[in-house]
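The values are calculated or read from the model by the stated rules, or taken from the named source; none is laboratory data. Note that this is a predicted model, so its numbers are computed, not measured. For neighbour counting, all protein chains shown are included, and Cβ atoms are generated from backbone atoms with ideal geometry for every residue, glycine included.
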Amino acid sequence: MTLAERSPGAQPPSEAVSTDRFMITTDCTRCGVCEYMCPQDAIKEAPNQLVVRRHLCNGCAECVPYCPVRAIVPASEFAARQQDTRAAQLRRILKRD
């Protein structure tokens, strides 16, 4: 698509920003890579893991591919993902015995 073909004010597809914000599940290992990669400086260290400051997150998802444990998920999927974290899986296994 050329500049002339784009409607005024439209963002190019590669620069489109998601309307969904991101959250970090308890699978976070606090490696800090996402904090470094976030262009909005929206990810900060909390006492037990890294967290996304939602008021700063613009949904660009630039941090997502760098998480080695895939702990960064869209906010809309957070509750479901927390049910399937490593800790939750371990609790289910231990309850069986």
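Find the residue count for the range 39-71, including only residues that are under 16 Å from Thr25 (Cβ atoms), in contact with a Ser or Thr (Cβ under 8 Å, 6 or more places away or on another chain) and surrounded by 12 or more Cβ atoms within 10 Å (Cβ to Cβ).
Count: 4.
Please indicate, with yes or no, whether at least one residue in the range 76-97 is assigned to a strand (DSSP E or B) and either of a type in the set (A, V, I, L, M, F, W, C) or at pLDDT below 90 (or both). Full working, then the answer.
Let us first name the residues in the range 76-97 that are assigned to a strand (DSSP E or B), namely none.
The answer is no, given that none of the residues of the range 76-97 is assigned to a strand (DSSP E or B) and either of a type in the set (A, V, I, L, M, F, W, C) or at pLDDT below 90 (or both).
In the range 26-68, which residue that is within 11 Å of the chain's Cα centre (by Cα) and among the aliphatic types (A, V, I, L, M) is farthest from Asp84 (Cα to Cα)?
Per the criteria, the residue is Ala42.
What are the residue pairs meeting all of these: first residue in the range 49-76, first residue within 9 Å of Arg21 (Cβ to Cβ), second residue in a loop (DSSP other than H, G, I, E, B) and among the hydrophobic types (A, V, I, L, M, F, W, C), Cβ atoms under 6 Å, and 6 or more apart or on different chains?
Hits for this filter: Val52/Ala42; Cys57/Ala42; Asn58/Val17; Gly59/Val17.
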